[in-house]
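The values are calculated or read from the model by the stated rules, or taken from the named source; none is laboratory data. For clarity, every value in this text was computed on a predicted model and none was experimentally measured. Cβ atoms come from the backbone with ideal geometry, glycine included; neighbour counts cover every protein chain shown. What goes into the accessible areas is simple: the full protein's heavy atoms, side chains included, and nothing from ligands, DNA or RNA. Shrake-Rupley method; radii C 1.70, N 1.55, O 1.52, S 1.80 Å.
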Amino acid sequence: AEPLNPTMRLVCLLALRDADSRERLREAEVIHQLGTEPGAALLGAMLGATFDGTSDAAVHAFAETRPDEERDQIFTLLLEELPEQKKVVLEDCLRGLERQGLQRRQDQIASQLRLPDLQPERVADFQREVQQIQRRLNALRRGLE
């Protein structure tokens, strides 16, 4: 099983144990753009489920419905403590996930730009997209949303 990166681990922990965080995550656009990132399927399952994250029995019952790899991740998350400032941590994690997604897209564009025989219009489109990505990354670095 591929380990969860620290940001995804925190997001999954909050989704597993805190109903308010789970609700906020359901509304977060970045969550719907995770694709095949490690932990995305588990997070999607948690966000689609209704269980009381404060009840070990309810969490165990949910875990038993998941594939072995996800079940192991859930039981590992149960060993961790929730952060004290859940809302602050969650918003920071969401910005982190957005930043990671933008950087992934920027890397994809860079590899596309190396292709031979790329049409000039396509190059211009990619360059505009990179500029938009850079503006958003700069805004995230300044702490703006």
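What to note about this one:
- Qualifying residue in the range 26-38 (condition: under 24 Å from residue 136 (Cα atoms), more than 17 Å from the chain's Cα centre (by Cα), assigned to a helix (DSSP H, G or I) and not polar (S, T, N, Q)): no
- Here residue 29 clears all of (1) surrounded by 13 or more Cβ atoms within 10 Å (Cβ to Cβ); (2) of a type in the set (D, E, K, R); (3) over 16 Å from residue 4 (Cα atoms); (4) at pLDDT below 90 except the condition numbered (1).
- The listed residue being among the hydroxyl-bearing types (Ser, Thr, Tyr) and without any contact (Cβ under 8 Å) to a residue 12 or more places away in the chain, out of 54, 36, 7: 36
- Test result for residue 43, in a helix (DSSP H, G or I), under 21 Å from residue 100 (Cα atoms) and touching a Ser or Thr at 6+ places or on another chain (Cβ under 6 Å): no
- Cβ-Cβ distances below 9 Å connect the following pairs, each with a first residue in the range 126-145 that is among the basic types (Lys, Arg), a second residue that is part of a helix (DSSP H, G or I), and a separation of six or more residues or different chains: 136/98; 136/99; 136/102; 141/99.
- Tabulated pairs, the range 69-87, first farther than 20 Å from residue 23 by Cβ, second at pLDDT below 90 and open to solvent by less than 60 Å² (accessible area, probe 1.4 Å), C-beta under 8 angstrom, 6+ apart or interchain: 73/4; 73/39
Let's see how each residue does on (1) closer than 18 Å to residue 85 by Cα; (2) under 14 Å from the mean Cα position of the chain (by Cα); (3) at pLDDT 90 or above:
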residue: 17; (1), (2), (3): yes, no, yes
residue: 22; (1), (2), (3): yes, yes, yes
residue: 44; (1), (2), (3): no, yes, yes
residue: 60; (1), (2), (3): no, no, yes
residue: 68; (1), (2), (3): no, no, yes
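- So residue 82, is it among the hydrophobic types (A, V, I, L, M, F, W, C) and at pLDDT 90 or above: yes
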